[in-house]
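Following: one structure in C-alpha cells, then a few remarks.
Nothing in this text is a laboratory measurement; each read-out follows from the coordinates by a stated rule. In this text the structure is predicted, and so the values were computed from the model without any measurement. Quick reminder, even Gly has a Cβ in these numbers, built from the backbone with ideal geometry, and neighbours come from all protein chains shown.
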Amino acid sequence: MGSTGSIGTQTLDIIRESEGRFSVQALGAGSNVTLLAKQAAEFQPDVVVVADPDRRAEAIELIGPDIPVLAGQDGLADGSSEADVVINGVMGFAGLAVTLSALENGRRLGLANKESLIAAGPVVQIARQTPGAELLPVDSEHCALHQCLRATEGGPDGAPESGPNRAQGVDRLVLTASGGPFRGRTAEDLRSVTVEDALAHPTWAMGPKITIDSSTLMNKGLEVIEAHELYGVDYDRIEVVVHPQSIVHSMVAYTDGSTIAQLSQPDMRLCIAYALTYPERFDVPYGAMRWDQAMTLNFEPPDRKAFRCLDLAYEAGRAGGTAPAWLSAANEVTVQAFLDGVISWREIAEVNDTALQQHSGGVADSLEAVLEADRQARQVTTALLSNRR
C-alpha cells in the first residue's frame, strides 16, 4: 500500500529482483492512477486500490475490467487483507487503517508509516497481540535497532511488554540523525531559509513532508516516539545523535559498556528486504559497505535550541495519551503551511509548540479517541495559522 511512492516503488524493485520469490496480491496508491495502472499491468495483482475515490473511475478505465478496483481508506485496508506480508508506505494519518487491518488479520506488517505508531501507539499495541501478527519497521533507524537487538537474548520481537530491558542487558537506544540540510546552523542562521533550502536533503531522497521534518528534526523526534512504542524502552533511555554520513543507522548501548551498531550505505531497499524476508536475509547486497576504502564517521549532539521540534516530540511522548497524535497532526498542518509559503521555517516549531500546549489531555484508548484528537489538533493549528496571517 502506497505503491507509487518512494517505499512502494522500491518494494516493487525488490520483487522484480526476487526471481519469483514474491508475488503481488494487492497494489494501493493515493491518486497517481497513471503509475498505478502501469504497476498493475506489470505485476497483475488480485486487486488494486486508489485512495482518492474521485479517481476510481479513471483507474478502472486505465486498468481495465480484469482487476477489481477499490477506493478510499477502507479499500486500502481491505485490499491487502489476504496478503502474507503488507508493506505500508501510505503517507500520513491515512496509513493507520492499513496498519490495523494487517495486524488484526494476523499478517506481517512492514511499517513505513510513522503516524500509525506515533498517533495511535496504544491502539496498535492491542492489534499486535493478534495471533500471527508481526511488525517489522521499514525505516533505516528502527530497522537498525531491530537488527542490533537481535544480538540481545530474546530479541526485539513482541509488544513493549516483552521489549528489551536491562535484564536483557540493554541500557539505551541511540537513534542517529543526518542533521538534515541545516546541520551546523544556529537559530539565527535559520531565520530566512527557504522551502528550496529545506528540501535539499544531503543524504536521502524522500517526499517533501518527510524532508521538511528532517530539516526541523521533527522526523527524529517522531522516531523517538516510534522507538518507545516498538521496543518498550522509556524516553530517558532513548538518545539522538547527529551523524552526517548516514552510515551508522542506529545503535544499542548495553549495560556492560558495549555498543552494537548497524552500518550500511543509505539504501531503503535494505530495510524493505529485511521486512520481507526476516528472519532470513535477502541475497542482494543493498547498501553494502566498501571496507577497502577510507572513510571518516562523525558524531555530535543535536542543537536543541535551533531544532526545537526534537524536544517537542519528547514532551508529547512523555505526556502520553493522545499528545503524540496531537503533535503529529499539528505538525502536518504546519509543514504544509510552510510548503505553501504561509509561515517561515522557524515558525513550524513555534506553532507546533503553541498547539501542543493546547492539547486536550485525551486518553488514546480507542481509534475514535485518536481520530478525535487528530481532528481537534488540526482545527487548533489551523486557527493559530489564521491568526498569523
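The string of couplings for the range 328-342 from the Karplus curve (6.51, -1.76, 1.60, θ = phi - 60°) is 4, 5, 4, 5, 4, 5, 5, 5, 5, 5, 5, 4, 7, x, 7 Hz, one whole number per residue in order, with x for Gly and Pro.
As a rough guide to protection, the peptides 1-14, 260-273 ranked by mean Cβ packing within 10 Å, highest first, stand as 1-14, 260-273. The mean sequence separation of alpha-carbon pairs under 8 Å and at least six residues apart, normalised by the residue count of the range 283-389, gives a relative contact order of 29 percent. Counting only Cβ charges, +1 for Lys and Arg and -1 for Asp and Glu, the dipole size of the chain around its Cα centre is about 700 debye.
Stick to Cα atoms and the Kirkwood definition of Rh, then tell me Rg/Rh for the range 282-389.
Working: Rg = 18.6 Å, Rh = 16.0 Å.
We get a ratio of 1.17 for the range 282-389.
In this Cβ point-charge picture (+1 for Lys and Arg, -1 for Asp and Glu), the range 11-142 has a dipole of about 220 debye about its Cα centre.
Which percent, nearest 5, of DSSP beta bridges in the chain are antiparallel? Bridges in the chain are about 35 percent antiparallel.
The ellipsoid equivalent to the alpha-carbon distribution of the range 1-105 has semi-axes of 18, 17, 12 angstrom, derived from the gyration tensor eigenvalues as √(5λ) and listed largest first. Converting phi to 3J(HN,Hα) with the Karplus coefficients 6.51, -1.76 and 1.60 and the offset θ = phi - 60°, the range 113-126 yields 9, 5, 4, 4, 7, 6, 7, 10, x, x, 5, 5, 4, 5 Hz in sequence order, with x at every glycine or proline. Projecting the Cα atoms of 199, 44, 361 onto the dipole axis of the chain, where Lys and Arg carry +1 and Asp and Glu carry -1 at the beta carbon, places 199 farthest toward the positive end. Sorting 96-108, 340-352 by their mean Cβ neighbour count within 10 Å, with the most densely packed peptide first, gives 96-108, 340-352.
In order along the range 364-378, the Karplus-derived 3J(HN,Hα) couplings, from 6.51 cos²θ - 1.76 cosθ + 1.60 at θ = phi - 60°, round to 8, 9, 7, 4, 5, 5, 5, 4, 5, 4, 4, 5, 5, 4, 5 Hz, and Gly and Pro are given as x. Remark on residue 136: its backbone amide H falls under 5 Å from those of 109, 110, 111, a criterion applied only to residues 5 or more positions apart or on other chains, H modelled at 1.01 Å from N. Each listed q (0.07, 0.08 Å⁻¹) maps to a log10 I(q)/I(0) for the chain, found by the Debye formula over equal Cα scatterers with no solvent: -0.30, -0.40. Which stretch or stretches of the range 58-87 have amide N atoms under 17 Å from the point lying 7 Å from residue 41's Cα along the Cα→Cβ direction? Hits in the range 58-87 for residue 41 at 17 Å: 58-68.
Close amide H partners of residue 239, meaning residues 5 or more places away or on another chain with modelled amide H under 5 Å apart, are 173, 174, 175. Of the residues 274, 286, 307, the one whose Cα sits farthest towards the positive end of the charge dipole of the range 253-321 is 307 (charges of +1 on Lys and Arg Cβ, -1 on Asp and Glu Cβ, taken about the Cα centre).
When both the range 330-366 and the range 50-129 are represented by their alpha-carbon centers, they are found 25 Å apart. Peptides 244-253, 291-300, 139-148 ordered by packing proxy, namely the average of other Cβ atoms within 10 Å per residue, highest first: 139-148, 244-253, 291-300.
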